[in-house]
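I have placed the structure first, in the form of structure tokens, so that the comments after it can refer back to it.
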Amino acid sequence: MSVSSEAKGPLKSFQALMGEGEKFSRDKLYTKAIQCYTEALDLLPQDEEKATEKDTNDRLNGLVARSACYLKIGKNDLALQDAEQSLKTNKEFTKGLYQKAEALYAMGEFELALMFYHRGKKLRSDLREFQLGINKAQEAIDNSVGDPNRVKLEASGDLSIFYKNDEKKKQPMGYVRASQKKEAVIQRKQHTPVSNPKTTKQLLGDLYEDRAFLEKIINNTVVTKPNTKTGDAIYQLASDGLDYLDSRTDFWRQQEPLYARSRFIKKLEGDEESYKHIRHELEAIDDQQNKDQFVDARRRAHRLLDFCDRLDERKFNEKQSVLADVYSRLGNAYLELGDYNKSLEYHNRDLKIADIKQFPERSSRALDNMGRVYARSGQFPQAIQVWEKKIPLATSSLEKAWLFHEIGQCHFGLGDFERSKRYGERSFTEAVAVNDAVWQLNAKVLVSHSQTKLRQYREAEQTFDEALTLAKDQNDVAAERAIERALKEVRDQIAKGAADSPPDRTEINYEIKVKSNDHIMYGDDQSTIKLIIYGDNGNSGPIDFRSDENDTKKYDGQSMTLKKKAFDAGKITKIALTCNNIESWPLDSIEVSDNKRKTKLKFLLAQPIDSTTTVVDLYPEGSIVQTSSDSSGKDDKKNKGQGTLASRQSPQTMKRTEQGPSSTRTNESNKKPTKTDEQKSKTTKTDEQKSKTTKLDEQKTPKKDDTTDKSKSTQRTSSATEPSSDSHKNIEYTITVQTGSVQFAGTDAHVFISLYGDKNKIVRYQLKTSVNNRNLFEKGQKDDFVLEDIDIGHLKTITIEHDGTGVAAGWYLDFVQVKYKNNTVMFPVERWLDVDHDDKRISLELEPNKKPTSKLTTEDTKEENAVEYEITVRTADKRSAGTDANVFLSLFGDKDKLERRQLKESLDQARNLFEQGATNRFQIYAADVGQIKTIRIEHDGRGLGSGWYLDSIEVRHVSRDENYKFPVDRWLDEGEGDKRISLDLEPDKKPGQLRDDNNTEQEEENREQQKVETDE
């Protein structure tokens, strides 16, 4: 029986077999995929003369697909054979050219691979895959210097002929411009020898011999003769190689993988087979993560975790260290998969073990990773708190350069430009110490942008000039262009006189409520304390706590409410207290009301105020981070599932409640415990906990959330929701999806549904497990799904969509039916969701009992009732950020809506749209939608490089001069994060990541839950 027969019964059509192969390939079952592709190819006519054009195209696609699978299992010769077979019919078949180049590259034939990459790029210059192939093949050729054990480079014999040739080349011939006479001088830096060769050798492994070889070359002044072209070139190559290996050594030393430590590699008594297995699995997990195979890495890490949990710690004394390493890898995998809560949970476990075992390098690793999770999810206050704890643990200047830069970026995102400038300067100092040009450039750019925000335009002009020089030295063309644009804007501001005039800022009224537990203890008569409010528009300037600033009496620190007029800081992100010689102040919280925006935020201290405090930040309630090293170890089980979020108390309040409410219990706790006392202490501890809870309730401090498995599921499916009072009550939804009966109606794509009610919403739930069918969404088939989740109230609309993956992704949908709480709501569809049919949409917004209309993309027409919209789309300036897919925009206002207008002709007539770092502007004429509430940006996933990292979108209503800004800063990619290629955006609100794997297998969840309980 064929593979396809095992999965789906006897299927004999080419498209069906290709679809099965595609499914197996996605699931990493490459051998089964190859069988399907082979069966599909066997169905085609073998005689080329009898084959139709469609048969020929099918054969080419089948050969290329099979070739890609052969590459995945290491059968490079068969992959090359299929690729060459596809090129026999059509020598300009670009997929075949690309696959042949990939096969040659895998076989180590880098020069031949480079040739075919170039050939493919000449035919399809718009596909970035060929350019990436050229880059990696060229790099491989440059790095192919041979084995140093077989090549002995000695400075023996007469080498003067090389230097004489160099001297001859230096002599100018004919007329030479003055600018050409200037010789570039190679600055040679000193490379310090390794401090601990034994450790370095264990970390580098086989690369240690390469490092020793490069070090010998650098120290050989004959081979690397200064001020000669040959000598300087050899020195520069060897120096770059040493820098790379040293940076890798620092990285691996910090990560300290278990299999790189000497105490792990050596043979130990006891369970030697377990050590070998763990070492092999850790290496395999690292390899999968390096290849971006994060789902596979996560599964493998969970299996290894189950294996380690069964080990006897008395025989296997490295058990906790192994668990920490696995936790770290699981945290990284969940981060890349977009599950930030899980990622924080595992990194916090890693930190807990590191603190207990007193491993500072591992603590540094865990704090580093936790900061990345917070920064990636846009939680800048939490990222700052975690990374500031890492600063004392940072050992190398390179690590500090990165760390200071990232902290500065977070402060910049919060509007604290003075602090971001200072951290940028610290980052630059550390980067200079290690002569790292990349981080010097990054630091300079951060400083210059901060200076611009602070209106220090002349200083910013000088800093941008220095950054531009660094970018040119690194041949970073994209950075050069960005800096030149910023420099032009700064010079325009100087020309307008903005550098010599105060900012034109409006003042607004703030209401400030201070909740304090005692008086301020001032150090002397000169002591002062001021409040600064930060937002997306800068800061408010210092605010005095005295109601009358002319009053000589100082603020005593008691609870109070005052109204102050200050500069408009915009949407508030944090507040800060500047302290001058303050001994202590047991502050509980500060609440700030913005009367202009009708917002109210409560802020808590990130650290206590004492005599060493000069500036202390207060962050919004709920964003104070308490890592495992900060906690007292009490009530760990109760706090399980909270990741690294602290309780909603300030440090002062936490200290006060931990002391107990009465002196009687304090005296009891000082007794020497007997067996009877130990039994009593359990009751005392319970009473203390009740008293604490009562006191916290009196202080109106919200309780911690008890996270259960169901609440985790709720977070995955409705993380962007603000729940109503009864949203914690889960109800059951039965979703019925009827696929049409027309030819090729079924789909192999992943299907998602979103439910929108009058109370809440469930966003992008994947329809993955049907209660009545194994193979989903087949022609004429009805699939039922059961979902238990939050109560969204009365169902208003739904969104049904698929991700366009698979050979046969097009889908003819008949209807969707949703049953809940004795209600049945029908959503008729009767149309294609296909990029090749009708209006090419693969996402539909449906209303009950209303069939959707086709929204065909039409050219802009300037009718009498049409208004002009100007659309600005900014693609991020990061590697592979651009897209070749078709991009569509929808506008939803309070009057009307404009659906799925393709952005295809920019105002600057750019040939290639949405390229890396590009800003494209479009003009749209359409009916006035009124005040824009949301927009939808999406692409159709077409092209080899369809993944898109979108920075932001701006929509301008030209006649009313209204601007709507939509920050994005994330991937729209089926292979990144939550795999979405369609986003609904609100003005001035960055979208978050959503989980796609909300149907995770129950067995894996149960194992994780049991493991957590065991650890606690």
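The values are calculated or read from the model by the stated rules, or taken from the named source; none is laboratory data. Note that the structure is predicted; figures quoted are calculated from it, not measured. Positions of Cβ are backbone-derived with ideal geometry, glycine not excepted, and every protein chain shown enters the neighbour counts. Note: areas computed on protein heavy atoms with side chains; ligands, DNA, RNA excluded. Shrake-Rupley method; radii C 1.70, N 1.55, O 1.52, S 1.80 Å.
Residue-wise test of (1) of a type in the set (Lys, Arg); (2) in the same structural domain as residue 317 (by the TED database); (3) surrounded by fewer than 21 Cβ atoms within 10 Å (Cβ to Cβ).
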position	(1), (2), (3)
349	yes, yes, no
374	no, yes, no
425	no, no, yes
429	no, no, yes
440	no, no, no
443	no, no, no
453	yes, no, yes
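The residues in region 475-496 that are touching a helix residue (DSSP H, G or I) at 6+ places or on another chain (Cβ under 8 Å), farther than 16 Å from residue 462 by Cα and of a type in the set (D, E, K, R) can be counted, and the count is 1. If the condition is being of a type outside the set (Val, Ile, Thr), in a strand (DSSP E or B) and open to solvent by less than 50 Å² (accessible area, probe 1.4 Å), then region 514-529 contributes only 516. Here the condition is being out of contact with any strand residue (DSSP E or B) (no Cβ under 6 Å at 6 or more places or on another chain) and within 28 Å of residue 236 (Cβ to Cβ); of 394, 460, 431, it holds for 431 alone.
On inspection, residue 829 qualifies as among the aliphatic types (A, V, I, L, M), in a strand (DSSP E or B) and closer than 19 Å to residue 742 by Cα.
Do the conditions hold for residue 98, that is, is it open to solvent by less than 30 Å² (accessible area, probe 1.4 Å), under 31 Å from the mean Cα position of the chain (by Cα) and on the phi < 0 side of the Ramachandran plot? Break it down into steps so the answer makes sense when it comes.
Details: open to solvent by less than 30 Å² (accessible area, probe 1.4 Å): no; under 31 Å from the mean Cα position of the chain (by Cα): yes; on the phi < 0 side of the Ramachandran plot: yes.
Judged against the criteria, residue 98 is not a match.
Table: residues versus (1) assigned by the TED database to the domain that holds residue 606; (2) hydroxyl-bearing (Ser, Thr, Tyr); (3) touching a helix residue (DSSP H, G or I) at 6+ places or on another chain (Cβ under 8 Å).
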{"residue": "514", "(1), (2), (3)": "yes, no, no"}
{"residue": "517", "(1), (2), (3)": "yes, no, yes"}
{"residue": "527", "(1), (2), (3)": "yes, yes, no"}
{"residue": "553", "(1), (2), (3)": "yes, no, no"}
{"residue": "572", "(1), (2), (3)": "yes, no, no"}
{"residue": "582", "(1), (2), (3)": "yes, no, no"}
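Is region 1000-1012 home to any residue that is within 20 Å of residue 889 (Cα to Cα), out of contact with any Leu (no Cβ under 7 Å at 6 or more places or on another chain), open to solvent by 70 Å² or more (accessible area, probe 1.4 Å) and modelled with pLDDT under 90? No; the residues of region 1000-1012 include none that is within 20 Å of residue 889 (Cα to Cα), out of contact with any Leu (no Cβ under 7 Å at 6 or more places or on another chain), open to solvent by 70 Å² or more (accessible area, probe 1.4 Å) and modelled with pLDDT under 90. Here region 68-95 is the region considered, the condition is being polar (S, T, N, Q) and touching a Gly at 6+ places or on another chain (Cβ under 8 Å), and the residue that is surrounded by the most Cβ atoms within 10 Å (Cβ to Cβ) is 86. Only residues that are outside any strand (DSSP E or B), in contact with a strand residue (DSSP E or B) (Cβ under 7 Å, 6 or more places away or on another chain), among the polar types (S, T, N, Q) and within 27 Å of residue 451 (Cα to Cα) were counted in region 530-547, giving 1.
Which residue pairs have Cβ atoms closer than 8 Å, lie 6 or more positions apart in sequence or on different chains, and pair a first residue in region 451-465 that is on the phi > 0 side of the Ramachandran plot with a second residue that is modelled with pLDDT of 90 or more and part of a helix (DSSP H, G or I)? If the second residue must be modelled with pLDDT of 90 or more and part of a helix (DSSP H, G or I), no pairs are left. At least 3 residues being open to solvent by 10 Å² or more (accessible area, probe 1.4 Å), under 19 Å from residue 834 (Cα atoms) and modelled with pLDDT of 85 or more is the threshold, and among the strands (runs of 3 or more DSSP E) wholly inside region 862-962 not one reaches it. Inside region 101-132, residues that are modelled with pLDDT of 85 or more, of a type in the set (A, V, I, L, M) and open to solvent by less than 40 Å² (accessible area, probe 1.4 Å) make up a count of 5. When region 389-411 is filtered for residues that are part of a helix (DSSP H, G or I), more than 17 Å from residue 243 (Cα to Cα) and without any contact (Cβ under 8 Å) to a residue 40 or more places away in the chain, the ones remaining, listed by number, are 390, 391, 392, 393, 403, 404, 406, 407, 409, 410, 411.
How many of the residues in region 760-783 are more than 29 Å from the chain's Cα centre (by Cα), surrounded by fewer than 15 Cβ atoms within 10 Å (Cβ to Cβ) and within 17 Å of residue 732 (Cβ to Cβ)? Total meeting the criteria: 2. Name the single residue, out of those in region 492-513 being part of a loop (DSSP other than H, G, I, E, B) and among the small types (Gly, Ala, Ser), that is least open to solvent (accessible area, probe 1.4 Å). Across region 492-513, the extreme among qualifying residues is 497. Here is the figure for region 553-591: residues that are acidic (Asp, Glu), in a loop (DSSP other than H, G, I, E, B) and touching a strand residue (DSSP E or B) at 6+ places or on another chain (Cβ under 8 Å) total 1. Residue count for region 23-52 under the criterion of being free of Cβ contacts under 8 Å to residues at least 40 places away in the same chain, under 30 Å from residue 974 (Cα atoms) and not hydroxyl-bearing (Ser, Thr, Tyr): the result is 11.
How many residues does region 902-925 hold that are closer than 18 Å to residue 985 by Cβ and over 29 Å from the mean Cα position of the chain (by Cα)? The total comes to 1.
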